[in-house]
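Below is one structure, written out as structure tokens, with a few remarks after it.
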Amino acid sequence: MDHMTHIFHRNPRQSLPVAVGGEGIELIDQSGKRYIDACGGAAVSCLGHGHPRVVNAIKAQVDTLAYAHTSFFTTAAAEELASMLAASAPGSLNHVYFVSGGSEAVEAGLKLARQYYVEIGQAQRRFFIARRQSYHGNTLAALSIGGNAWRREAFLPLLIPAHHVAPCYAYRDQLAGESDAQYVQRLADELEQKILEIGSDKVATFVAETVVGATAGAVPPLADYFRKIRAVCDKYGVLLMLDEVMSGMGRTGYLFACEEDRVEPDIVIIAKGLGAGYQPIGAMICSDKIFNAVVEGSGFFQHGHTYIGHATACAAALAVQTVIQEENLLANVRQRGEQLQQRLREVFAEHPHVGDIRGRGLFVGVELVADRASKQPLAPAQRTHAKVKAEAMARGLLVYPMGGTIDGRQGDHVLLAPPFICNAIDIDEIVHRLAPAIDAATGYATAPGS
Ligand code: PMP
């Protein structure tokens, strides 16, 4: 097993356990050890592992037709999935473009936004604005808009022009005495200033994760943040693109996270939960306005990949989304999500190194700090987030850690994204295993019985 490169891990020589099976919310390694998958990899496995309906749908599709190139054919699986998504997506988001993952979908969204302006005679609009402490993928354009300095550094000369404003991160950035409304207004004003600074006729799109995932651990926006942002975008004719690669497809308890924010973007990007890991698939969904401009203009989107609308991937995603609908899993996500946050708050009520617990639905982040009162971050050299991951794995629990310095800001976060099929006992067990893992990693003992 020495030939698969693991150089994207911090320690390429570290040997990883071999995953040999998965059943429900658990993954099993070669020694037979079981792990509760409380993060679904990176918020991917929303139906857990080995779901029979999804497995059977994949088998049936492969038996019939695994793949047909979209320049010759469409398939029933792709059409049905697209109709289902268009029917559930907010407002006029009716046009679905299937790709193989999140970064590809982000690239497609950025290119379509650019092409839209070319089509409507505003080719000078070429700048993107995104937010600091964000992650939109690792391909060059997605990396360009991402606000994750260390990931970008080596590639800076290759990146496309992008500007960054502050994220909506109340725990860290809301000032003492500042109301939610004032804070949100300050952020909207910052975006407006940035648009004016670049030139209001030169900005193409503002891009944001609806709920921040990988760089800060499930940070939800304050109420009204995106409505204010939408108003600023509308004032200057700037498109709004929401990246719901992590937060979409039910993870927050809504199929599209932005439903809760009562905002309709021009483009929404989805991936991970769409296929729930059973097949690689992502999608870019755009509004009638954009679609019509392209159709009435040059006639087609000047973009494409070999695996667009892959039949087997679409069949898997269709089965995943059907299970979510038919089993009413979004209600379970909301209920279990509340339980998860409540249990974490109880268990870590006095913990000096647990600074913040936040999230939406089954998308929950725990921010670790050196000192709770001052919110002082832990020293990056301690790599506490990595220790939490290891301590959790030792206890048969998978959580998604992140840490270090992101955009000049230090922080250690633990992301929880358990499968939508979790029951109340599973949630208690996740917290029961996480508490001692955080204690061991931070060198503090939570009260017994946690
Ligand atoms: N956008 C967001 C918000 C993500 O969390 C990710 C992946 N973590 C991506 C884009 C990129 O997706 P992928 O890794 O499938 O290319």
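The values are calculated or read from the model by the stated rules, or taken from the named source; none is laboratory data. On a predicted model such as this, the values are computed, not experimentally measured, just so you know. Here the Cβ positions follow ideal geometry from the backbone for every residue, glycine too, while neighbour counts run over all protein chains shown.
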* Asked: Has region 309-316 got any residue that is in contact with a strand residue (DSSP E or B) (Cβ under 7 Å, 6 or more places away or on another chain), among the aliphatic types (A, V, I, L, M) and either modelled with pLDDT under 95 or in a helix (DSSP H, G or I) (or both)?
  -> no
* Structure fact -> In region 116-167, anything among the β-branched types (Val, Ile, Thr) and under 23 Å from residue 286 (Cα atoms) is listed as 118, 120, 129, 139, 145, 160
* **Test for residue 373: is it assigned to a loop (DSSP other than H, G, I, E, B) and either at pLDDT 95 or above or surrounded by fewer than 23 Cβ atoms within 10 Å (Cβ to Cβ) (or both)** => yes
* Asked: outside any loop (DSSP other than H, G, I, E, B), at pLDDT below 95, in the same structural domain as residue 291 (by TED's automatic domain parsing) and acidic (Asp, Glu), is that true of residue 104?
  -> no
* Would you please list the contacts, defined by Cβ atoms under 6 Å and residues six or more apart or on different chains, that run from a residue in region 74-91 that is within 15 Å of residue 291 (Cα to Cα) to a residue that is modelled with pLDDT of 95 or more and polar (S, T, N, Q)? => 86/94
* **Residue among 156, 175, 191, 187 that is part of a helix (DSSP H, G or I) and free of Cβ contacts under 8 Å to residues at least 12 places away in the same chain** => 156
* What are the residues in region 102-126 that are surrounded by fewer than 20 Cβ atoms within 10 Å (Cβ to Cβ) and within 16 Å of the ligand (Cβ to nearest atom), if any? -> 111
* What are the pairs, 6+ residues apart or on separate chains, where a residue within region 258-275 that is in contact (Cβ under 8 Å) with a residue 60 or more places away in the chain has its Cβ under 6 Å from a residue that is of a type in the set (Ser, Thr, Tyr) and surrounded by fewer than 24 Cβ atoms within 10 Å (Cβ to Cβ)? -> 260/254; 266/287
* Of the residues 419, 401, 352, which is in a loop (DSSP other than H, G, I, E, B) and buried (at least 22 other Cβ atoms within 10 Å of the Cβ)? -> 419
* Conditions: (1) over 30 Å from residue 374 (Cβ atoms); (2) free of Cβ contacts under 8 Å to residues at least 60 places away in the same chain; (3) within 15 Å of the ligand (Cβ to nearest atom). Residue 167 meets all but one. Number of the miss? -> (1)
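Test residue 68 against the criterion of being away from the ligand (no atom under 16 Å from the Cβ), in a loop (DSSP other than H, G, I, E, B), at pLDDT 95 or above and at negative phi, and give yes or no.
Spelling it out, residue 68 is indeed away from the ligand (no atom under 16 Å from the Cβ), in a loop (DSSP other than H, G, I, E, B), at pLDDT 95 or above and at negative phi.
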* Asked: Which condition number in (1) among the basic types (Lys, Arg); (2) crowded, with 24+ Cβ neighbours inside 10 Å; (3) away from the ligand (no atom under 16 Å from the Cβ) is the one that residue 272 fails?
  -> (3)
* Asked: What are the residues in region 121-153 that are in a helix (DSSP H, G or I), touching a Phe, Trp or Tyr at 6+ places or on another chain (Cβ under 8 Å) and more than 17 Å from residue 402 (Cβ to Cβ), if any?
  -> 140, 144, 145
* Could you look through region 14-52, keep only residues that are over 14 Å from residue 333 (Cα atoms) and among the hydroxyl-bearing types (Ser, Thr, Tyr), and pick out the one that is nearest to the ligand (Cβ to nearest atom)? => 35
* Those residues that are in contact with a strand residue (DSSP E or B) (Cβ under 6 Å, 6 or more places away or on another chain) and within 26 Å of residue 144 (Cβ to Cβ), I need them from region 368-416; list them, please. => 380, 385, 400, 401, 402, 403, 413, 415
* Asked: Between residues in region 36-65 that are part of a loop (DSSP other than H, G, I, E, B) and residues that are among the charged types (D, E, K, R) and surrounded by fewer than 24 Cβ atoms within 10 Å (Cβ to Cβ), which pairs lie under 6 Å by C-beta distance while being six or more apart or on different chains?
  -> 50/23
* Asked: What are the residues in region 26-35 that are free of Cβ contacts under 8 Å to residues at least 40 places away in the same chain and surrounded by 12 or more Cβ atoms within 10 Å (Cβ to Cβ), if any?
  -> 26, 28, 29
* Asked: Any idea which residue in region 212-255 is farthest from the ligand (Cβ to nearest atom), counting only those that are of a type in the set (Ser, Thr, Tyr) and farther than 18 Å from residue 340 by Cα?
  -> 236
* Selection status of residue 23, modelled with pLDDT of 95 or more, part of a helix (DSSP H, G or I), surrounded by 11 or more Cβ atoms within 10 Å (Cβ to Cβ) and acidic (Asp, Glu) -> no
